[in-house]
Amino acid sequence: MFNNYNFNSEIMKAAFIKNHGDLDQLIIGNLDIPKLKPNEVLIQTKFGALNHIDVFLIKGWTGLNIKMPHILGSDGSGIIKEVGSAVTTVSEGERVTINPGLSCGKCQFCLSGNQNFCKSFSIMGEHQWGTYCEFFKVPEENVIKIPDNLSLMLAAAAPLTFLTAWRLLTTQANLLHGEFILIHGAGGGVSTAAIQIAKFLGATVITTTSNSEKIKKAKELGADYVINYRDNPNFGKYVFTEITKRHGVDVVVDSIGKLTFQNSLRLLKPGGRLVTPGATTGPITEIDIRQIFWKQLKVIGSTMSNQREFREVMKLIFENKLKPIVDKIFPLELVVDAENYLNEGKQFGKVLLKIS
Ligand SMILES: [Zn+2]
C-alpha cells in the first residue's frame, strides 16, 4: 500500500559545512531528516534568512566546537510537518516561523523569563542544525503561528533582527518619545528593524549609509535624517552641531564596533546611552574612558531577546505596524552567492533563501 513515505523520505537537501574556512566551505548535499524529541516540532522549510552569524560560524572561532556536518541558518518559516508526542500548542499543517533563541527552559534565568541569560543559550544554527534545509526542528515553545495576511517570505525575514532590535531599543536603551537616536549603517537587518521601531516609539531617527539608493530606502522606512558617510566622513560634526544643535544624541545603536565606537561615545549627550548588539568591523578598539565618566554615559550590550520580547515584536509585525524588509531571494543551491552578497554589505534589509 502507498503511504506518505517513499524510500527517500529519511533524506533531505541541505546547505552545510564539513569544515571551517572560507564561504565556499558551504556545500549542498543530502542529510538525514532530524528525529523529533517529544517536545519538538518538525517544520517543512519554505524560506530561510541569512544573518551575520553564518559567516562567523563558517570561519569558526577559538573555543567553538560544533559537530560536523553542520547545517546553518537561524531564521526560517514553513509548514509544520510533524509534532512530538508531548506537543500541545501547535499542530501539523500550520504556517509558522520561529524564535531562533534556544535555552534550557529549566534554570533560574529561563524560569524568570530571562531566557537569553541562560547558561546554555544558543542561536538556531549555531550548535544545533539550522534552517537551510528542507526540514528543521525546534522545541515547541520556539514556534509561533503566523496570520494568513503575512507571507511565509516576510515571516522568515522577521525574527532574529526584529527581536534583537526590539530588546535593544526598549528594554536595554529605554528609548523615549522625542529623543534623538543615531543608528549606524541603515542597510543592515537589525538597522532596518531598529529604524522602524525607533519611529514607532516616537524618536527622531538619524542614520548613515553609503549610497543614494539606500538613502532613499532609509527615508521610506521613516528615518528623519540620512547621511551618506562616504561623502561626509566627518558626519559626526554635522549630527552634533546641525541636527542636535550642540546637545548630542540620546541613544546610539552601534553594531559596527571598531570603526565607529569612539565617535559614537563622542556624539552622545550627557546621560546618553550607547547600545551594541555586535561589532561587524571588529570587537577590539581603544576608547577614551573620560567620555564615559564625564558625560555619565551608559554603554549597554544586548544579545537576542527573551520570549516575551520576541512575542511582543512579532505581534506588531502581525498587526502590520512593523514590516520586515527583504532585499533579495536566492535559491538554496546558490547559498554561497547569498552569503557573499551579505558579506559584501550590498543589501538593504534581509537576504533570503528559498528552500521549497
Ligand atoms: Zn536556562
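If you take the residues in segment 52-79 that are within 17 Å of the chain's Cα centre (by Cα) and in a loop (DSSP other than H, G, I, E, B), which one is farthest from Leu23 (Cα to Cα)?
By that ranking, first place goes to Ser74.
Of the residues Val249, Val351, which is within 28 Å of Lys214 (Cα to Cα), over 21 Å from the mean Cα position of the chain (by Cα) and in contact (Cβ under 8 Å) with a residue 40 or more places away in the chain? Please lay out each step first, then the result.
On the way: Val351 fails: over 21 Å from the mean Cα position of the chain (by Cα).
Just one listed residue meets the conditions, Val249.
Among the listed residues Phe109, Phe136, which satisfies the condition of being aromatic (Phe, Trp, Tyr), surrounded by 16 or more Cβ atoms within 10 Å (Cβ to Cβ) and more than 19 Å from the chain's Cα centre (by Cα)?
Values: Phe136 fails: more than 19 Å from the chain's Cα centre (by Cα).
The conditions single out Phe109.
Give the residues of segment 320-356 that are in a helix (DSSP H, G or I) and under 22 Å from Gln196 (Cβ atoms), sorted by residue number.
We begin by selecting, within segment 320-356, every residue in a helix (DSSP H, G or I); these are 332-343.
Once the filter is applied, which keeps residues that are in a helix (DSSP H, G or I) and under 22 Å from Gln196 (Cβ atoms), segment 320-356 yields only Leu342.
Output the residues belonging to segment 107-120 that are within 7 Å of the ligand (Cβ to nearest atom) and in a loop (DSSP other than H, G, I, E, B). Quick ask: steps written out before the conclusion?
To start, the set of residues in segment 107-120 that are within 7 Å of the ligand (Cβ to nearest atom) comprises 107, 109-110, 115, 118-120.
Matches in segment 107-120: Cys107, Cys118, Lys119, Ser120.
Within segment 47-74, track down each residue that is over 22 Å from Asp24 (Cβ atoms) and surrounded by 22 or more Cβ atoms within 10 Å (Cβ to Cβ).
Answer for segment 47-74, where residues must be over 22 Å from Asp24 (Cβ atoms) and surrounded by 22 or more Cβ atoms within 10 Å (Cβ to Cβ): just Phe47.
Quick check on segment 139-185: of everything there that is assigned to a loop (DSSP other than H, G, I, E, B) and touching an Asp or Glu at 6+ places or on another chain (Cβ under 7 Å), which residue is nearest to Lys350 (Cα to Cα)?
Residues of segment 139-185 assigned to a loop (DSSP other than H, G, I, E, B): 146-151, 158, 173-179, 184-185.
From what is left, the residues that are touching an Asp or Glu at 6+ places or on another chain (Cβ under 7 Å) are 179, 184.
Values: Glu179: 27, His184: 17 Å.
The residue in question is His184.
Considering segment 77-108 alone, what residues qualify as being of a type outside the set (Gly, Ala, Ser) and closer than 21 Å to His127 by Cα?
Those that are of a type outside the set (Gly, Ala, Ser) and closer than 21 Å to His127 by Cα: Thr97, Ile98, Asn99, Pro100, Leu102, Cys104, Lys106, Cys107.
Tell me which residues, restricted to segment 282-300, are without any contact (Cβ under 8 Å) to a residue 60 or more places away in the chain and either surrounded by 12 or more Cβ atoms within 10 Å (Cβ to Cβ) or closer than 23 Å to Ala157 by Cα (or both). Please lay out each step first, then the result.
The first filter runs over segment 282-300 and keeps only residues without any contact (Cβ under 8 Å) to a residue 60 or more places away in the chain, leaving 282-299.
Answer for segment 282-300, where residues must be without any contact (Cβ under 8 Å) to a residue 60 or more places away in the chain and either surrounded by 12 or more Cβ atoms within 10 Å (Cβ to Cβ) or closer than 23 Å to Ala157 by Cα (or both): Thr285, Ile287, Gln291, Ile292, Lys295, Leu297, Lys298, Val299.
Quick one: which residue in Ile71, Ile123 is within 16 Å of the ligand (Cβ to nearest atom) and at pLDDT 95 or above?
Answer to the check: Ile123.
Filter segment 80-106 down to residues that are surrounded by 13 or more Cβ atoms within 10 Å (Cβ to Cβ) and either assigned to a helix (DSSP H, G or I) or of a type in the set (Gly, Ala, Ser) (or both) and give me whichever is nearest to the ligand (Cβ to nearest atom).
Looking at the filtered set, the residue picked out is Ser103.
For segment 193-213, how many residues meet the condition of being part of a helix (DSSP H, G or I) and at pLDDT 95 or above? Let's see the steps before the verdict.
Let us first name the residues in segment 193-213 that are part of a helix (DSSP H, G or I), namely 193-200, 212-213.
Next cut, at pLDDT 95 or above only: 193-200.
Result for segment 193-213: 8.
May I ask you to list pairs of residues, at least six apart or on different chains, whose Cβ atoms are under 8 Å apart, with the first in segment 114-128 being over 16 Å from Glu309 (Cβ atoms) and the second being more than 9 Å from the ligand (Cβ to nearest atom) and charged (D, E, K, R)?
Between residues of segment 114-128 that are over 16 Å from Glu309 (Cβ atoms) and residues that are more than 9 Å from the ligand (Cβ to nearest atom) and charged (D, E, K, R), the close pairs are Met124/Asp75; Gly125/Asp54.
The values are calculated or read from the model by the stated rules, or taken from the named source; none is laboratory data. Values in this document were obtained by computation on a predicted structure and should not be read as measured data. Neighbour counts run over all protein chains shown; Cβ positions are idealised from the backbone, glycine included.
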